[in-house]
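Peer 1: My structure is below; once you've seen it, I'll send some questions.
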Ligand code: GDP
Ligand code: MN
């Protein structure tokens, strides 16, 4: 789960990580009011969306006076912002963050995440921070330092010295960095994060280190343990279909092809998508209806697959292990009938009660296509989608 910068900065504050003073606003008037509570001679207004690269997309503005704060808030609120981390529709701007502008001497990069290969938390840092960290990683990877933390030792002062050296920090700043890294490390563990990223971590004109940006991702499987984190969820920033899928406990991810896939089991879903690709088609989604699925889930899954109108054919690939094939068949028939489905549906069933399931489909008179195996099912779905497109 993802949260907004302003929420992440509040958590940073709670863990003693320095951030600029600021406040959140959902109208130009409120942005003006927030600004009046802040000191300084310039302010930064930042669009709040669940995506980075806002600076390059025009979503971050250094304002010199009250009018500029209000004008920028006005221009941004209520629209969609497209950045190179969003899709082509962008994300809705429902609030902005207004903070005291900082005088930047240096922009660094600092993040903490899980390194799955070594099964450790790993700090990643670079003196070349700011908006182009992806380019640094691709072109000059030697400018990025990695420091792994053994879970038994936890974060130690020498870890912080390693990062400080890589950032070229002096003695006094070293202890400031240690405070920040300690805060990041403790926050990560306390709230079951999967990633914390500060880009840029800045050195100000007077030598302070401040988190100018704040990005936190949480482990979805642990959010239920932290109601105060769950409360930070902003559904307006999430894919509507993926959010609906969650309600039915379906694992659903929107893709850009035109063949809807309904499969049980993540592995089988991946194999099905591969097969569709191999046959020259493109999947419209990843969908795992789960092992113990039922009629209602199958219906919800069909609705999701068909809801945006780009799907030209549906490929159902179910292995009846825990779930019985006749239950799946009943779900498919209910969905097709209720939704007055007109696009072609290819069904491949295998496993418990497969004969019963297939005969229910055949006798329905609804014109469903059945296939003996995944190979021929994918081939047929691709062919039917092409004909319909
Ligand atoms: P992102 O583009 O979504 O990652 O948004 P950031 O919060 O990282 O801001 C993008 C860029 O805006 C930063 O790299 C800075 O160069 C600039 N910026 C943000 N806040 C300030 C500020 O207080 N003062 C100045 N001078 N620049 C800022
Ligand atoms: Mn940033």
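Peer 1: How would you classify region 266-354 from its alpha-carbon gyration tensor, with a ≥ b ≥ c the square roots of the eigenvalues: rounded for a/c under 1.5, else prolate if a/b is greater than b/c, otherwise oblate? Show your work: numbers first, answer last.
Peer 2: Details: a/c = 1.74, a/b = 1.10, b/c = 1.58.
The shape class here is oblate.
Peer 1: Sort the following peptides by mean Cβ neighbour count (other Cβ atoms within 10 Å, averaged over residues), highest first: 324-336, 133-145. Before the final figure, lay out each step's value.
Peer 2: Working: 324-336: 22.1, 133-145: 12.9.
Ranked from most to least packed, the peptides come out as 324-336, 133-145.
Peer 1: What whole number of Å gives the distance from the Cα centroid of region 273-329 to the Cα centroid of region 109-141?
Peer 2: Here the two parts' Cα centres lie 37 Å apart.
Peer 1: Another one. Is the C-alpha gyration tensor of region 327-379 telling us rounded, prolate or oblate? Criteria: a/c under 1.5 is rounded; beyond that, a/b larger than b/c is prolate, otherwise oblate.
Peer 2: oblate
Peer 1: Rounded to the nearest 500, what is the 222 nm mean residue ellipticity of the chain from helices alone, with -39500 (n - 2.57) per DSSP H run of 4+ residues and division by all residues?
Peer 2: -11500 deg cm²/dmol
Peer 1: Below 8 Å between Cα atoms, with a sequence gap of 6+, how large is the relative contact order for region 191-302 in percent? It would help to have the intermediate numbers written out before the result.
Peer 2: Values: 161 pairs, mean separation 22.1, N = 112.
Dividing the mean separation by the residue count of region 191-302 yields 20 percent.
Peer 1: Note down the relative contact order for the chain as a percent, whole number, built from C-alpha pairs under 8 angstrom at least six residues apart.
Peer 2: It comes to 12 percent, rounded to a whole number.
Peer 1: For region 239-388, what's the relative contact order in percent, using C-alpha pairs closer than 8 Å and at least 6 residues apart?
Peer 2: Relative contact order for region 239-388 comes out at 24 percent.
Peer 1: Rounded, prolate or oblate: which fits region 21-101 when a ≥ b ≥ c are the square roots of the eigenvalues of the alpha-carbon gyration tensor, with rounded for a/c under 1.5 and prolate only if a/b beats b/c?
Peer 2: prolate
Each value in this text was obtained by applying a stated rule to the coordinates, not by laboratory testing. Small disclaimer: the values here were computed from a predicted structure and weren't measured. Cβ sites come from the backbone with ideal geometry, for glycine too, and all protein chains shown count toward neighbours.
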